[in-house]
Amino acid sequence: MTHAMLKGSNVPVEAAAVRAVVCWSPSPEVSVVDASALLLGADGRVRSDDDFVFYNQPRHPSGTVWSLGKRRLGSAMRDTIQADLTRVDAEVERVLLVASAESLPFEGVRDLRLLLLDAAAGENAEPYASFEIRAETGAETALICGELYRRGGEWKFRALGEGYSNGLIGLATDFGITVDESAAPDPAPTPEPPPVPAPAPAYGYPEPPTAPPAPYGYPPQPDPYGYPQHEPDSGLPLMGPQFIR
């Protein structure tokens, strides 16, 4: 018997291992939906980035939660996460079951639902639970479809349908996943300013007028400017040919 779930409702899970199947009908707006899982501790956060099972990390290191990948069934598509609940680490209290749509809003995703099956019964067995998911605003780009959680030493399933508008990265970050920002493109280099031309060299102070030549046949005339000569307002020696000896 299939339990038709409403948002917020829960049912006990008696199976030792389950398959959470995200189903949808492809459309021109959204052709691909990805299923993923986050394993959370008692504080509601992942213990490390290893607790995130998704398309780039399809298997948890413990081997207890993994992705079975996508397949078509008739006109519908499905992406499946399997969890061996009897072997999940004791520190893990919740397993979130997530759907994301290539950063596109879920208003374009048709016939979205989550099926929970007993893994031992086979893929074509009657689902243990079924949850028809309707995004609240349609602008969500990631959804927590439901969660498997421990209660009194037993596992239960709760239907959630909680949406995020900042995609799978935003959702995962909220639960403690570290996003690798090194993959982001480097900013464009800032163009260097054109070189500033060097200033014209300073040539010192104007040279004093040249002394008139001494009359022919007479002894040399004394330098009319004296030695050394100083410019009145600067106190610096004048630079000119009269200093060349």
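The values are calculated or read from the model by the stated rules, or taken from the named source; none is laboratory data. Please read all numbers here as calculations on a predicted model, not as lab measurements. Positions of Cβ are generated from backbone atoms using ideal geometry, with glycine treated the same way; all protein chains shown enter the neighbour counts. The protein model used for the area step is the full one, side chains on, heavy atoms only, and it has no ligands, DNA or RNA in it. Shrake-Rupley method; radii C 1.70, N 1.55, O 1.52, S 1.80 Å.
Some points to look at:
- Taking the criterion of being outside any loop (DSSP other than H, G, I, E, B) and of a type outside the set (Gly, Ala, Ser), the residues of region 126-141 that qualify are Phe131, Glu132.
- Residue ranges of strands (runs of 3 or more DSSP E) in region 6-125 with at least 2 members open to solvent by less than 30 Å² (accessible area, probe 1.4 Å) and touching a residue at least 40 places away in the same chain (Cβ under 8 Å): 10-13, 17-25, 34-40, 76-84, 94-100, 110-118
- Scanning region 128-145 for residues that are touching a Leu at 6+ places or on another chain (Cβ under 9 Å) and open to solvent by less than 30 Å² (accessible area, probe 1.4 Å) yields a count of 9.
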